[in-house]
Amino acid sequence: MNRILSALLLGSLLLLTGCAGTWDPRDSATELVPGRSYEAMTAGQRYFTFTLDAPARVVLESHTFPGDTGLVEPAGQLLDANGQVVERDWNSGRNGNFRIERQLEPGVWYLRVTTPHASPSSFGTMERDYRYSVTLRIDRNR
C-alpha cells in the first residue's frame with residue numbers, strides 16, 4: 001500500500017512540475033477593441049491581443065499623458081499567433097510613442113508593450129507612474 005501511495009504522490013508531483021513551466025503571458029492578454037483606449041499605469045510588460053477575420057491594415061499606437069512626454073516611452077512589438085516578433089517600434093509615433101502600421105492577414109495577433117526606461121528607486125519601488133494608453137485602429141478597405 002505504501003508503494004502505491006508513494007508512486008501516486010511521485011506521479012502527481014511530476015505532473016505538477018511539468019505544468020509549472022508552461023505558463024505563457026499571452027494567455028492573460030487584454031483584448032483590444034478598435035477605437036477604444038486601454039490605459040496602463042505601471043512599468044513592465046503588458047500583452048494585448050486582437051483577432052482579424054479578414055485581411056486589414058492595422059495601426060497600433062501608444063499615447064503618453066501631458067507631462068510624461070520623454071519620461072515614459074513605451075515600446076511596442078507586434079507578435080503573431082506563435083509569439084514571433086513581426087514588427088517593433090520605439091518612437092515613430094507622436095511625442096516619442098510607438099506606432100505600428102501594417103497590413104495583416106486574418107488570425108490572432110498580439111501586442112507586447114514594455115517600458116524600457118523604467119527602473120526602481122533605491123527603495124525598490126517605482127519612482128513614478130508609467131502611464132500610457134494603447135489603441136488599435138483597423139482599416140478593412142485597404
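The values are calculated or read from the model by the stated rules, or taken from the named source; none is laboratory data. What you are looking at is a predicted structure, and each value in this text was computed from that prediction instead of being measured. So basically every Cβ, Gly included, is an ideal-geometry build from the backbone, and we count neighbours across all protein chains shown.
In segment 105-130, the qualifying residues are those that are buried (at least 17 other Cβ atoms within 10 Å of the Cβ) and modelled with pLDDT under 90, and the one that is nearest to E31 (Cα to Cα) is T114. The single condition from (1) modelled with pLDDT under 95; (2) of a type in the set (A, V, I, L, M, F, W, C); (3) closer than 15 Å to A56 by Cα that L136 fails is (1).
Working only within segment 71-110, note down all residues that are of a type in the set (D, E) and over 14 Å from the mean Cα position of the chain (by Cα). Once the filter is applied, which keeps residues that are of a type in the set (D, E) and over 14 Å from the mean Cα position of the chain (by Cα), segment 71-110 yields E73, E101, E105.
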